[in-house]
Amino acid sequence: MQNPFQAQAMIHSLNSKRDVLILSFEDINHCRAVFGNKLCTAVYNPYAGLFYVDDVYGVIEEWDSEN
C-alpha cells in the first residue's frame, strides 16, 4: 500500500481530465480515487498513462475531507 497522491484522471461524468486524489492503488484494475466529494472506483491505463475514475456508477460513498 502506498501513500495517497494527486494524479490526472479522466472523469466519467465529464469526459475530460481533472486532478484527483488516488487513495489506494492495489493494481491497475483496483484503485480508489476521490473526486468531487465522492470516493469512487478507478482503473489505471498504463498505455495512456491515465487513471479513469467512474464517478457515475462506481461511487462507493460520499467523502468529506475529515475521512
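Computed extension length for residue 2-residue 61: 19.1 nm, one decimal, from 0.36 nm per residue of separation with the Cα-Cα distance subtracted. For the chain, what class follows from the C-alpha gyration tensor (a ≥ b ≥ c being the square roots of its eigenvalues): rounded when a/c is under 1.5, otherwise prolate if a/b is larger than b/c, else oblate? Here the chain falls in the oblate category.
Quick note: the coordinates plus some simple rules give every number you see, no bench work behind them. Small disclaimer: the values here were computed from a predicted structure and weren't measured.
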